[in-house]
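The block underneath contains the structure these notes are about, expressed in structure tokens.
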Amino acid sequence: MKKQRVVVAMSGGVDSSLTAALLLRQGYEVIGVTMRLWNDPTLPKTEEDPSQRAVDDAKAVADALGIELHVVDYYDLFEEKIVSYFIREYQRARTPNPCIVCNQELKFGALLAKARELGADYLATGHYAQITYDEARDEYFLQKGLDPKKDQSYVLYHMKQDVLRHFLFPLGGMEKNETRRLAEEMALPVAHKKESQDICFIPDNDYKGFLERHCPKMFRAGKIIDMKGNVLGKHNGLARYTIGQRKGLGIVAPHPLYVVGMDQKTNTLFVGENKDLFIHELIAEDVSFVAKEPPTESFVAEAKIRYAAPPARARITPMKNSRALVSFDEPQRAMTPGQSVVFYDGDTVLGGGIIREPIREDK
């Protein structure tokens, strides 16, 4: 019987390397693919190129496992779909999540197409999430990873049925300490490699410095206004602030003040008390559902307004133009335009969307 062929997205890290090793052990024909991505040309050149390091580490693992490795050049695609989006969102006074867009555009799109080109039955990644299949309904489900501290289902909510049927997440049923132990047992060359940073194209994690280099015009001074319309001072660029921020505002007040909103058109930073951060409703855009038949009527689920937020009960009402009204039973703190709101039924991901705007009751 012919082995099923699977392409593994190999970043040179522990998780993707173990993914390849496990699938090989399970009897699949494994092919590795490493994406060569964009590197910031404005950074000083160092002896070590992060993109080349990823390729070198992936090649070392592929050689150790005895599998084929393809290197695909997605430099321009990554710059167009991820980096430009990241900058554009900050220009709109929003806080983006580039990992979600990267999954949608590169892994579910370009990389899956590459896997099919290589004749693969599946594409596998090292995400901590799980895929289940209901044979009676001929429907796939996206579920949380077993390890709650590593669960990455939040960043995968764009997955639809035609994508889920071709994906494998071998690590979804494991805990992180187990994967590290297995990598050591299998003597993988990257077994002791450190975890990668949050934003892969900003190696020093200084996103404000990144934005200043690539779009200095967005750092224009503007007014800081409180909830009553009083001008309290000046800010030095909306991109320097996030919703819920307290420190670094540069204003003096008799009580603590927090960033509660931004207006890109007037270049205004709005501040208020902690209570002003709690809001019941939001409008989401670019809403996507996992189910074969997406809901058309309102339904109750749990929703998370950011990766690390606890899930909270809400009513989701689908709207026209891929939008939805999300109404929480209890107000949520610091809803942030540009971040994603993801819907769950227990451990099952129902879908999600991008927070377009919180709806203030006094608006």
Assess whether GLY126 counts as being part of a loop (DSSP other than H, G, I, E, B), out of contact with any strand residue (DSSP E or B) (no Cβ under 6 Å at 6 or more places or on another chain), without any contact (Cβ under 8 Å) to a residue 60 or more places away in the chain and within 25 Å of PHE169 (Cβ to Cβ). no
May I ask you to verify whether LEU37 is at pLDDT 95 or above and either hydrophobic (A, V, I, L, M, F, W, C) or in contact with a Lys or Arg (Cβ under 7 Å, 6 or more places away or on another chain) (or both)? no
Does the stretch 170-191 contain any residue that is closer than 30 Å to ILE279 by Cα and in contact (Cβ under 8 Å) with a residue 40 or more places away in the chain? no
Just checking, does the stretch 282-303 include any residue being hydrophobic (A, V, I, L, M, F, W, C) and either part of a loop (DSSP other than H, G, I, E, B) or in the same structural domain as GLN152 (by TED's automatic domain parsing) (or both)? yes
Please indicate, with yes or no, whether at least one residue in the stretch 256-273 is hydroxyl-bearing (Ser, Thr, Tyr), in a strand (DSSP E or B), under 22 Å from the mean Cα position of the chain (by Cα) and surrounded by fewer than 20 Cβ atoms within 10 Å (Cβ to Cβ). no
Just to be sure, is THR317 within 17 Å of GLY351 (Cα to Cα), in a strand (DSSP E or B), without any contact (Cβ under 8 Å) to a residue 24 or more places away in the chain and more than 22 Å from the chain's Cα centre (by Cα)? yes
I need every pair where a residue in the stretch 199-214 that is of a type in the set (A, V, I, L, M) has its Cβ under 7 Å from the Cβ of a residue that is part of a loop (DSSP other than H, G, I, E, B), sequence separation at least 6 or different chains. ILE199/ASN205
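The values are calculated or read from the model by the stated rules, or taken from the named source; none is laboratory data. Here the structure is a predicted model, which is why all the values come from computation and not from measurement. Cβ sites come from the backbone with ideal geometry, for glycine too, and all protein chains shown count toward neighbours.
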